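Notes follow once the structure below has been shown.
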Amino acid sequence: MGPPRSKKDTPLATVREQMEILKQLVVADEEIRKLDLELGKEKESIDGLKKDLAKVREKIEAERAQYDILEADRGARIQEGRVLGQQLERSREKLNRTRNEKEANAVQREIEETRKLLRDVEDAVGRRLIELEELKKAIIDHEEEEAGHSAKIAETEGAVSQKLAEVGGERGTKAVARDLIAKNLPIPTLRKYDQVRAKRNSGAARLEAGRCRACNMSIPPQLAQRIMRGDILEQCPSCSRYLYADPSASMSPPPPSK
Ligand SMILES: [Zn+2]
């Protein structure tokens with residue numbers, strides 16, 4: 001055993017005790033990790049729905065903007081058509097006042113040209129009308145989709161927030177219990193354990209049949225024996241997890257693979 005700790009009330013945990021603490025800590029941390037995964041999934045489910053909703057809303061906004069542009073263009077074309085109509089009227093009056101064939105021919109050509117322009121404008125107005133109708137249909141479809149997403153979110157949100165509160169509460173309780181276990185470890189050991197855990201999801205592993213149970217690395221026999229005897233606390237040379245001896249486990253048959 002190492003030198004006695006300066007704190008009088010809490011004696012330094014023996015290697016055996018530290019191993020026992022690590023064993024409990026691994027279980028507690030795994031439970032917390034699973035709850036975190038569950039929380040993540042719940043959040044994701046609602047986030048996915050919200051993303052879909054945002055996408056369809058963006059579409060509707062773009063379609064409405066396009067609708068306004070087309071509508072304005074259609075209005076401008078209608079106005080253009082009116083002007084051409086008036087021009088046509090004037091040309092016809094002029095035709096009545098012509099004095100010779102040459103003049104009449106010139107006015108007739110003018111009338112033909114104006115008529116052609118008017119036809120083009122009327123075609124464009126018609127096309128815009130079709131485009132506007134198609135756009136209106138698309139907007140209605142997308143608004144239906146939007147309503148569907150909103151309803152789904154409203155329906156899911158209640159259940160999800162309830163689940164989040166439930167799981168979150170459970171996680172809080174477990175985290176408190178975990179910290180009570182963890183504070184029995186020497187601080188440098190806990191720090192290393194947490195470092196490895198952050199990287200590998202677990203910070204300690206059972207030494208079983210001379211191997212690290214987490215990464216399956218074979219531990220040098222002399223080192224393995226000392227660990228099994230509870231002489232030293234060591235990290236696995238391969239994965240850096242703390243290795244703990246657990247005589248009760250090594251005597252029993254291996255756990256079911258799961
Ligand atoms: Zn290992």
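The values are calculated or read from the model by the stated rules, or taken from the named source; none is laboratory data. Model, not experiment: these values are computed from the prediction. Glycine gets a Cβ as well: all are built from the backbone with ideal geometry, and neighbour counts include every protein chain shown.
Annotation: of all residues in region 196-238 being of a type in the set (Ser, Thr, Tyr) and outside any strand (DSSP E or B), the one that is nearest to the ligand (Cβ to nearest atom) is Ser238.
Per this entry, Ala104 is counted among residues that are at pLDDT below 95 and of a type in the set (A, V, I, L, M, F, W, C).
Among the residues making up region 86-101, those that are farther than 14 Å from Glu113 by Cβ and not acidic (Asp, Glu) are Gln86, Asn96, Arg97, Thr98, Arg99, Asn100.
Residues that are touching a residue at least 60 places away in the same chain (Cβ under 8 Å), assigned to a helix (DSSP H, G or I) and buried (at least 16 other Cβ atoms within 10 Å of the Cβ) were ranked within region 176-195; the one that is nearest to the ligand (Cβ to nearest atom) is Tyr193. So, Thr156, is that one touching a Leu at 6+ places or on another chain (Cβ under 7 Å) and within 30 Å of Lys51 (Cβ to Cβ) or not? Spelling it out, Thr156 is indeed touching a Leu at 6+ places or on another chain (Cβ under 7 Å) and within 30 Å of Lys51 (Cβ to Cβ). With the structure loaded, tell me whether Val167 is crowded, with 17+ Cβ neighbours inside 10 Å, in the same structural domain as Gly40 (by TED's automatic domain parsing) and more than 14 Å from the ligand (Cβ to nearest atom) or whether it fails that test. Considered against the rule, which asks whether it is crowded, with 17+ Cβ neighbours inside 10 Å, in the same structural domain as Gly40 (by TED's automatic domain parsing) and more than 14 Å from the ligand (Cβ to nearest atom), Val167 comes out as yes. Within region 23-55, the set of residues being surrounded by 14 or more Cβ atoms within 10 Å (Cβ to Cβ), of a type in the set (Asp, Glu) and closer than 29 Å to Arg241 by Cβ comprises Asp29, Glu31, Glu38. So for region 151-158 (the condition being surrounded by 12 or more Cβ atoms within 10 Å (Cβ to Cβ) and of a type in the set (S, T, N, Q)), does at least one residue qualify? Within region 151-158, one or more residues are surrounded by 12 or more Cβ atoms within 10 Å (Cβ to Cβ) and of a type in the set (S, T, N, Q). Taking the listed residues Gly148, Gly172, the one that is closer than 21 Å to Gln24 by Cβ and more than 16 Å from the ligand (Cβ to nearest atom) is Gly172, with no other qualifying.
For Asp68, the stated conditions do not hold, so it cannot be described as touching a residue at least 12 places away in the same chain (Cβ under 8 Å) and farther than 30 Å from Leu190 by Cβ.
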